[in-house]
Amino acid sequence: MKKGIFLFLISFLFFMVPGHTSAQQKVPILIYHSIDEYKGHGSKELYVTPENFEKQMIYLKKNGFTLLTFERWQDIGKVNKPIFLTFDDGYKNNLTVYSIFQKLRDNKFKPAATFFIPADFIGRSNRLSAAELKMLSDSGMISIQSHTVTHPDLTKMSNIDYELKASRDKLQNITRKPVIALAYPYGNFNNKVVQETKKYYKYGLTTTPGPFLHKGVKDELFLLPRTYVKYSTTLEEFAKLVETDR
């Protein structure tokens, strides 16, 4: 009898302690832009060198993280140490991400990332082409999602329907896969932007820092937070970003 009561108490405590349920799990969603050496153009902090990026991916591999895309959002409570890597603006240097993923991939580590693409930027001299986007999508490692058509501040537009629908449609025509997530340009959103986004997407991403924590609040899947990884981010700082309380 005593043994039965003991086992009951242990089971009760296991399920009551925060961190043992998927509802309490903190999920990092990281945001990158350029993966390249900084050559003096643009904001230096929006770059991460290939060397540092590879070290960060090796850290995730060695420490048992599961890299997910938004097609697998429902798996965050089913896998070990879920994390999302996102890349904004569709820079051609993001092909380095694919190369490093190919290098590190094995039977246990299945790297994956989401590229958020402004549809009108496709094919510019320093941006990914339609053929490259299709190749990345077909690899199974990169999910191609929307960053609107022209990358405007949606909160300052009276009619945002075109920016949301046309971007989705163009990207779907390229990849032949559903486009289900939108990264708000500049991270800017308001209630109107959220409500319009819900017409075309399942997820909306901000640049509000911090990990995702399911709270059951209204529209929380359209207010997803993301934390910047910067040029100056050390490996020790990176570890602190991803090793959230779980």
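Some observations on this one:
- Pick from the stretch 71-99, criterion within 19 Å of TYR228 (Cβ to Cβ) and of a type in the set (A, V, I, L, M, F, W, C), ranking: surrounded by the fewest Cβ atoms within 10 Å (Cβ to Cβ): ILE83
- Set LYS92, LYS81: member being farther than 30 Å from TYR162 by Cα, touching a residue at least 24 places away in the same chain (Cβ under 8 Å) and of a type in the set (Lys, Arg): LYS81
- Residues that are buried (at least 21 other Cβ atoms within 10 Å of the Cβ) and of a type in the set (Asp, Glu), drawn from the stretch 203-227: none
- Qualifying residue in the stretch 73-93 (condition: assigned to a helix (DSSP H, G or I) and more than 24 Å from LEU213 (Cα to Cα)): yes
- Residue in the stretch 140-162 that is farther than 27 Å from PRO209 by Cα and of a type in the set (A, V, I, L, M) present: no
- Enumeration of residues in the stretch 32-53 that are under 21 Å from LEU241 (Cα atoms) and among the basic types (Lys, Arg): LYS44
- Tallying residues that are more than 20 Å from LEU68 (Cβ to Cβ), assigned to a helix (DSSP H, G or I) and modelled with pLDDT of 95 or more within the stretch 1-53 yields 6.
- Residues being modelled with pLDDT under 95, more than 17 Å from GLN74 (Cα to Cα) and not charged (D, E, K, R) are entirely absent from the stretch 178-187.
- Residues in the stretch 44-60 that are acidic (Asp, Glu) and surrounded by 15 or more Cβ atoms within 10 Å (Cβ to Cβ): GLU54 alone.
- Among the residues making up the stretch 91-126, a single one is more than 19 Å from the chain's Cα centre (by Cα), closer than 20 Å to GLY42 by Cα and among the basic types (Lys, Arg): ARG124.
The values are calculated or read from the model by the stated rules, or taken from the named source; none is laboratory data. Bear in mind the structure is a predicted one, so any value in this text is a computation, not a measurement. For neighbour counting, all protein chains shown are included, and Cβ atoms are generated from backbone atoms with ideal geometry for every residue, glycine included.
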